[in-house]
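Read-outs throughout are calculated quantities, based only on the coordinates presented, and are distinct from any laboratory measurement. Source: prediction; values computed, not measured. Neighbour counts run over all protein chains shown; Cβ positions are idealised from the backbone, glycine included.
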Amino acid sequence: MEWPSQSPDLNLIGHLWEEHERRVSDIRARNADEKFSQLQTAWAQIPQSVLTSLIQLMPRRCQAVIDSRGFPAKY
């Protein structure tokens, strides 16, 4: 399947970054090393169920992009 140039709707990493941001937004660090450690820990704690649900949504996302002829869909 060709990637529609005007549709970021098939990119799941954005949703993972949002999940990650929610997990670290209230955490403060004293230095860069501490922050990096916090970011790694938060990333590792994202449940497999989040990843699974994003993957399971792909057929609907693909169909939405096909229906919108490559233009942005409601995802």
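Details
- Here segment 8-67 is described by how far its Cα atoms reach on the three principal axes: 48, 21, 16 Å, from widest to narrowest.
- Lys35 versus Ile13: modelled label distance in nm, points set 7 Å from Cα along the beta carbon direction: 2.0 nm
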